[in-house]
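Worksheet for the structure shown next.
Nothing in this text is a laboratory measurement; each read-out follows from the coordinates by a stated rule. All figures in this text were calculated on a predicted structure; none of them were measured in a lab. Note that we place each Cβ from the backbone using ideal geometry, even for glycine, and neighbour counts take in every protein chain shown.
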Amino acid sequence: MNDISDPSDWPAEYAPLKDIDSHLRCPICKELLRAAVMLQCHHNFCSECIRRHLDKESTCPACRVATSTSQMRRNVALDEIANSFKDCRESLLLTVKDAVQRKYSKQKAATRADSVEADDHYSRQQKRRRTSTRIVRASSNQGGSQDVNEDYDIPQLKQDDDEDEDFVMHSQGSAAAVQKGKNVPRSTSGPVLRSRASRSQSGSTSSQDSPPVPAPVEPSPSTASAQQPPSDLGTAPTPPTQPQPPSVQPKHSLVPCPVCSMAIPEPYSNTHLDKYCLAGTKDPAYSIPYDMIMEQTAPVIALIPKLTYSVLNDKQLRKKLQVCGLRASDHGVKLGSRIVRLTASISCAFQELGLPSHGDKQQMMKRHAEYVTIFNANCDASRPRPVSELMKAMDAWERAYELDITAKEEAKQAQRRVQDQEQWRRKQEMAQQAKEAALSATLHTGVMPSTENSPIPSNTPPTSHPSSQSAPSSSSTFVPAQANNNDVAVAVASATAFAHAAKYADEYAELMADVRRRLDEDKAKTATENSKKSPVP
Amino acid sequence: MALPKRIIKETERLMADPAPGISATAHEDNLRYFDVIIAGPTQSPFEGGVFKLELFLPEEYPMSPPKVRFLTKIYHPNIDKLGRICLDILKDKWSPALQIRTVLLSVQALLSSPNPDDPLANDVAQHWKENENAAIQTAQEWTRKYATA
């Protein structure tokens, strides 16, 4: 699988496709959008990415306008487009690349014009071309670009029928779906979610100028509920019963059947009663309980609220983690009913599963935050993953976290060891220098400084943090030197000050180097002086 | 931690389609560490120079900014003698929508337009403010001395 995808994959001849590709990418992770959400400034991101970002900052990554998670709204249409593009990207890319290659080989063949095979090939191309340009034009127009190179040809359209149409259909998806939702009296397949079958059915007539087809049976209830902007998920607790947009099939046209309590379109209810319920059989077309459909559109999928970890103690946090899992299974049912259509076992499998609650508070906090992020992000997806997958992701996170911790610990230890050694070595060196300096000073001035009173702690390798120890030692070692050189004294003082502020470690190191250099010079000077003096007596 | 896809992708793009005057190559043993070479922009005191930088992507990247440092000595009011760069997007103005390429382009732009009002190297900035021509001359000298390959 080609899992590293990039807009640059598209050949230059198909710039509009490249544009579409880059527009459908999250600016943060550079992947095709997953669960697209829009901020107030109208920039779109993956829900998960922007949630992670907003945990740290409260500005839009694209324009730096102040924002917050509560201002995020799902961008359903964009998410669907991104999903469909994901579905068809690979085969579309193959097709396009193939087309480009063919064009080149065609050009070659045309210039040579000597091979019968090439002629054959060319005529085949021509035939295909007629059928395909239309699709390309439609799709590239969707991308907002006007200059469509008429030379595009997409051969092999037949093979890739499905994919290409997906692509086209989805770009104009919402309008078409709404139209269908309005016209359709009833469904044969029941309110199954937008299925591939129904898409490709209408997709085969996908040129934009074809009249709206009333016939294709699109399940009306589900269209209505899928079209329902569920942007109020949890963010607004109970939105007042807003009037539905007129274009969307109103919810109240579905009624619960008084006998079987399944959701039935109102005009159909009598037929349903007569034909099935009163006859004692089940209506194959409508097998979804009314309650469930109503529930889907209501804001039941509450996002998990963030916690203020600092006010919780370990015990409370542990409890929260355990509750998380329970909530998860609870949500699984509801999420499942929305899209995943209850793989029936989700709820049982995770009924009793909470998140792991071991580890220290730091780990629990991170675990909770991670789960809240991926769970809430999943709520924004129009194709949410089942909770089992979230749990798998959490398992992976758990492993990565453990690895990370051990790696960090090891690195820290190694670093400390290196620092200690370095420090120790440096101190030895300095002590040596100081001794020499003191010696030369005594020779120079004839006064013996009391080195015994300022013992140099260089014989024992340091164990604590370097900055805390080096400061006193450096000042004590340089006491003798002070008598010699005022500059050195100043440098030492500032070095000591720097040492206290551990974060300026590199300046400190630099200054120390400077000090050493000056000392060396000093030493050399005194040495030359000594050598000058020594012959005299 | 596995290397995030985004980093792999960026590395590939930097190799396949480098920005003009900028080259960045990842270390083979540490794919988060890049050797960067920026050519001094034309019409700047750094023209003709070839500046080496190092760039490191921390664990939290892209949620936190990359660490960038000049390895070549440079006379610039916003770059100190340790090579550290005073650039807002490398600090508080970082955004995860930025990437290695944009960061390096910003650094290149900083070379074209030194900003002595927001200095990191105070002495250089002072020099720049008091006698810009002389400062530019020094910068050219330094470029000749240290940044010619």
### Query
Using alpha carbons only, how many degrees (0 to 90, rounded to 10) separate the axis of helix B:132-146 from the longest principal axis of chain B?
50
### Query
Which order results if A:Val311, A:Val37, A:Val76 are arranged by neighbouring Cβ count within 10 Å, fewest first?
A:Val311, A:Val76, A:Val37
### Summary
In degrees, nearest 10, the alpha-carbon axis of helix B:100-112 is tilted away from the dominant principal axis of the alpha carbons of chain B by 0
### Task
Compute the signed sum of charges (Lys and Arg +1, Asp and Glu -1) over the other residues within less than 14 Å, Cβ to Cβ, of B:Ala134.
-3
#### Entry: Sum of side-chain charges, B:Val50 neighbourhood, beta-carbon under 15 Å (Lys, Arg +1; Asp, Glu -1)
+1
## Note on the structure
Proxy exposure order for A:Glu57, A:Glu31, B:Glu28, A:Glu389 (fewest C-beta within 10 Å first) is B:Glu28, A:Glu389, A:Glu57, A:Glu31
#### Entry: Ascending count of other beta-carbon atoms within 10 Å, so fewest first, for B:Ile8, B:Ile74
B:Ile8, B:Ile74
